[in-house]
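Asks: First, the structure itself, so that you have it in front of you.
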Protein chains: 2
Amino acid sequence: MEYTINKLAQLSGVTTRTLRYYDQIGLLKPARLSSSGYRIYGQQEVDLLQHILFYRELDISLDEINAILQEPDFDEIAALKSHYQKLIQKRARLEKMMATVEKTIASKKGEIRMQDNEKFKGLKEKLIEENEQKYGDEIRVKYGDQTVDASNAKLMGMTKSDFDAMNQLGEEIFLLLEKAHATGDPSGKEAQELAAKHKEWLTYSWPTYSKEAHAGLAEMYVADERFTAYYDQRITGGTQFLRDAILIYTGMK
Amino acid sequence: MEYTINKLAQLSGVTTRTLRYYDQIGLLKPARLSSSGYRIYGQQEVDLLQHILFYRELDISLDEINAILQEPDFDEIAALKSHYQKLIQKRARLEKMMATVEKTIASKKGEIRMQDNEKFKGLKEKLIEENEQKYGDEIRVKYGDQTVDASNAKLMGMTKSDFDAMNQLGEEIFLLLEKAHATGDPSGKEAQELAAKHKEWLTYSWPTYSKEAHAGLAEMYVADERFTAYYDQRITGGTQFLRDAILIYTGMK
DNA sequence: CTTAAACGTTGACGCTACGTAAAGGTCAAG
DNA sequence: CTTGACCTTTACGTAGCGTCAACGTTTAAG
């Protein structure tokens, strides 16, 4: 498939100015020029542009991107895996900010008091944390396909209101986890309510529910850092607590 | 609590240059100046800076932020709640990107095939955020949840231009259907071109294409009166003709 | 009390990653 | 043959700072 500059711009969501600029600085040159001097982009350029945009999304300068892509031993798949890690971190930071917003609202309402330094949690941190590359890949190989399927399934049949409702529920789960974890008892009333909500949440993305699968997922949460990072965001040890609550809820323990 | 410029910078994670710049453009002025001309910030300024950084995080220009904060009926809590919603959206976009990265890895490994337009899902959505504010509601009202296609399209992260392109293609399909139907031959050149266009149209809303699914959809068109009504509105028997053409195109008949 | 380090000030120029004309060639359709 | 969509290069403009430079102030150590 070949693209003119406008077609590629529409495909990728950047402007033609951006593509010309990338050509100018030697970051992304067209595959060839037409007889009349039009820029013609091919398959390789599409893929390259995708890489560039991923790096750009992570706030890497075009200069650095150029350097990275020029490297003779540039490994596409390794780069993509690294992107994935960085995106997880970005998400974690976002969720820290969300917690800060929630807290700030509560403090404005006079429900809690807040220290000045708490007010900038999440806003301050940049992407300097790079410690989490140990177990990740193994587990991803193990569970990767499942989650791909799950996310596909989600996108396939859901309406927008479904999607919103699911996100809303996800938020409630976070709040419940906070409450329940404070009791310290995974068999307590709050924890079991948490597990029930989690089941409800699951039904949005799972075609069928079974106790076994629910318990299995709970185990995966603890094993897979993508999930531990997610649920431990606000409460350390939250993932394990959630697992314990679910195991009791499903009667698997 | 009072802060010198360096203290506030450390607290909030911005540089002193940024604080001086914000003073210069009148976005955030210190509470007072010390006898020697040093900038002294107070409690109000800390909270204001937090607001500013939240807005900045959402890619709002300093000019606009200034305008928002100057508004006489600026509601802090409402603003924070709005931030929270935007952050949820940002997270959703991040997760879309993560899914795209996973898919790209799988396609590099040769496990799946990937359309070019899939490669930029999530990356394109910045445009949406801007367009959403202008045209978003319009789109929603106009096409809202009327058609399955529209709601799917929204979920897939399409931009307005994507959506327009898809509608454009839908028009072409209608015209082609008219032409092809006139020949009466579902295996003819026009009919097969029609089926090809229909496949292209599908890639806008389908994550992956398969002949089986395409053929299955064609059967559904005939079975489901909502679709028959749609394709038969200009040409009676158009739906069946389309199905036949697709079945031949996909080799399922 | 002195003195160096740390911290503050105001210019002023530079940079990145484009946006935005301006002035003009090319191509497809009617 | 014209019209409009699409392409080209050239060139100036911008936001949000980073980064000197040149200089005054505060503080802690010797």
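Asks: A:VAL14 passes all but one of (1) closer than 30 Å to A:ARG91 by Cα; (2) outside any loop (DSSP other than H, G, I, E, B); which number fails?
Replies: Here A:VAL14 clears every test but (2).
Asks: Quick check on the stretch B:28-49. Is at least one of its residues of a type in the set (Asp, Glu), free of Cβ contacts under 8 Å to residues at least 60 places away in the same chain and more than 20 Å from A:LYS121 (Cβ to Cβ)?
Replies: Kept after step one, since they are of a type in the set (Asp, Glu), are these residues of the stretch B:28-49: B:45, B:47.
Imposing the further condition that a residue be free of Cβ contacts under 8 Å to residues at least 60 places away in the same chain reduces the set to B:45, B:47.
Subsequent filtering for residues that are more than 20 Å from A:LYS121 (Cβ to Cβ) retains none.
The answer is no; no qualifying residue exists.
Asks: List pairs: first residue in the stretch B:100-114 and facing chain A (nearest Cβ under 9 Å), second residue in a helix (DSSP H, G or I) and hydroxyl-bearing (Ser, Thr, Tyr) anywhere in the structure, Cβ distance under 6 angstrom, at least six positions apart or on different chains.
Replies: Matching pairs, first to second residue: B:VAL101/A:TYR84.
Asks: Moving to a separate point now. Give the residues of the stretch B:1-51 that are of a type in the set (A, V, I, L, M, F, W, C) and within 12 Å of DNA strand D (Cβ to nearest atom), sorted by residue number.
Replies: Residues satisfying the conditions are B:ILE5, B:ALA9, B:VAL14, B:LEU19, B:ILE25, B:LEU27, B:LEU28, B:LEU33, B:ILE40, B:LEU49.
Asks: Continuing with this model, one more query. Before we move on, is B:GLN24 within 12 Å of DNA strand C (Cβ to nearest atom), closer than 15 Å to A:ASN117 by Cβ and without any contact (Cβ under 8 Å) to a residue 12 or more places away in the chain?
Replies: When the stated conditions are applied, B:GLN24 does not pass them.
Asks: Taking the stretch B:56-65 on its own, how many of its residues are near DNA strand D (Cβ under 10 Å from one of its atoms) and part of a helix (DSSP H, G or I)?
Replies: 5
Asks: Which condition does A:SER36 not pass, out of (1) more than 10 Å from every other protein chain (Cβ to nearest Cβ); (2) in contact with a strand residue (DSSP E or B) (Cβ under 9 Å, 6 or more places away or on another chain), if it passes all the others?
Replies: All conditions are met except number (2).
Asks: Return the total of residues in the stretch A:176-221 being at pLDDT below 80 and part of a loop (DSSP other than H, G, I, E, B).
Replies: So the count comes out to 8.
Asks: For the stretch B:54-91, which positions are open to solvent by less than 30 Å² (accessible area, probe 1.4 Å) and either over 22 Å from A:GLY110 (Cα atoms) or within 16 Å of DNA strand C (Cβ to nearest atom) (or both)?
Replies: Selection gives B:TYR55, B:ILE65, B:LEU87, B:ILE88, B:ARG91.
Asks: Of the residues B:GLU132, B:GLU95, B:GLU111, B:GLU125, which is of a type in the set (Asp, Glu), at pLDDT below 90, crowded, with 20+ Cβ neighbours inside 10 Å and in contact with a helix residue (DSSP H, G or I) (Cβ under 9 Å, 6 or more places away or on another chain)? Outline the logic, then answer.
Replies: Values: B:GLU132 fails: crowded, with 20+ Cβ neighbours inside 10 Å; B:GLU95 fails: crowded, with 20+ Cβ neighbours inside 10 Å; B:GLU111 fails: crowded, with 20+ Cβ neighbours inside 10 Å.
Matching residue, one of B:GLU132, B:GLU95, B:GLU111, B:GLU125: B:GLU125.
Asks: Residue under question is B:LEU53, and the condition is that it be within 10 Å of chain A (Cβ to nearest Cβ) and within 25 Å of the chain's Cα centre (by Cα); does it hold?
Replies: Spelling it out, B:LEU53 is indeed within 10 Å of chain A (Cβ to nearest Cβ) and within 25 Å of the chain's Cα centre (by Cα).
Asks: Give the stretch B:21-52 a look and list any residue that's surrounded by fewer than 15 Cβ atoms within 10 Å (Cβ to Cβ) and assigned to a helix (DSSP H, G or I), or say none.
Replies: Answer for the stretch B:21-52, where residues must be surrounded by fewer than 15 Cβ atoms within 10 Å (Cβ to Cβ) and assigned to a helix (DSSP H, G or I): B:TYR21, B:GLN24, B:GLN43, B:GLN44.
Asks: Going through B:GLN10, B:GLN43 one at a time, which residue ends up being within 16 Å of DNA strand C (Cβ to nearest atom) and within 20 Å of A:GLN115 (Cβ to Cβ)?
Replies: Being within 16 Å of DNA strand C (Cβ to nearest atom) and within 20 Å of A:GLN115 (Cβ to Cβ) holds for just one of B:GLN10, B:GLN43, which is B:GLN10.
Asks: Here are some conditions: (1) over 17 Å from B:MET114 (Cβ atoms); (2) in contact with a strand residue (DSSP E or B) (Cβ under 9 Å, 6 or more places away or on another chain). A:ARG56 meets all but one. Which one does it not meet?
Replies: (2)
Asks: For the list (1) at pLDDT 80 or above; (2) open to solvent by 50 Å² or more (accessible area, probe 1.4 Å); (3) closer than 23 Å to A:LYS96 by Cβ, I need the number of the one condition that A:THR239 fails.
Replies: (2)
The values are calculated or read from the model by the stated rules, or taken from the named source; none is laboratory data. Bear in mind the structure is a predicted one, so any value in this text is a computation, not a measurement. FYI the Cβ positions are ideal-geometry reconstructions off the backbone, even for glycines, and counts take in every protein chain you see. Heavy atoms of the whole protein, side chains included, go into the accessibility calculation; ligands, DNA and RNA do not. Shrake-Rupley method; radii C 1.70, N 1.55, O 1.52, S 1.80 Å.
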